[in-house]
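The values are calculated or read from the model by the stated rules, or taken from the named source; none is laboratory data. Keep in mind that this is a model prediction, so the values were computed, not measured. Positions of Cβ are generated from backbone atoms using ideal geometry, with glycine treated the same way; all protein chains shown enter the neighbour counts. Please note that ligands, DNA and RNA were not included when accessible areas were found on the heavy atoms of the full protein model with its side chains. Shrake-Rupley method; radii C 1.70, N 1.55, O 1.52, S 1.80 Å.
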Amino acid sequence: MSAVSSNPKTVEEIFKDYSSRRSGIVRALTHDVDEFYNLCDPEKENLCLYGHPNETWEVNLPAEEVPPELPEPALGINFARDGMNRRDWLSLVAVHSDCWLLSVAFFFGTRLNQNERKRLFSMINELPTAFEIVAERKHVKEKPTADSGSKSRGSTKKSSDSQAKSTPKLADESYPEEEEHGETLCGSCGGNYSADEFWIGCDICERWFHGKCVKITPAKAESIKQYKCPSCSLKRSRVQ
């Protein structure tokens, strides 16, 4: 590998290194995709896709140093090329590249303190991943608020500390990620999730519902310790 030197130390420097390497990877998998595809000949030895801090990319053999100077990307990406659908193969390479980009960023960030690492990940998380770009998936950003507390299951908006105590469940227990939640369907009407609408999750069956479909308002949700959807409530009453 023809290395491009970089030794970032601060959060901003590490993020710049990450975003530049990411730009190189994304370029290889999109704008330069035909060139990249041809370079990944399955007849060649184990090949890796590298993104460099000068926003270039390279397909090459892995580093010979043991241990290597930096974490190494996925080995042998070329072997699966002809055995998969082209788009699926590119998506797979993108997933492994995202993992590599994060590993390099946090390799540089090992000397950061807890708050700095958290800030670094937050900055990285603002960017769509290589996979999201290659697979053309929408990158859903969470609306920033002053409160850094958990989201309640009963609302898509951030709760204050005092409000969070009275909500059915907190995000770190079972709230889906924004991207995953974007594919959630209402258990009542079957409609798609929208960040602009109030939703509430059933603590029994774990399905999600539009507040309007189950006649629950944000204010009412704040006083519910454990929410049961109409279906689960009906099942419980039959058992009794």
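Mean 1/r over all different Cα pairs, inverted: what Kirkwood radius does the stretch 1-73 give, in Å? Let's see the in-between values first.
Values: mean 1/r = 0.0766 Å⁻¹.
In the stretch 1-73 this quantity evaluates to 13.1 Å.
For G211, the residues whose modelled amide H falls within less than 5 Å of its own, excluding neighbours fewer than 5 places apart on the same chain, are F198, W199, I200. Under the combined filter of DSSP loop state and at most 13 neighbouring Cβ atoms within 10 Å, the stretch 60-129 retains none of its trypsin sites (Lys or Arg not before Pro). For D17, the accessible area of its heavy atoms, probed at 1.4 Å with every protein chain present, is near 10 square angstrom.
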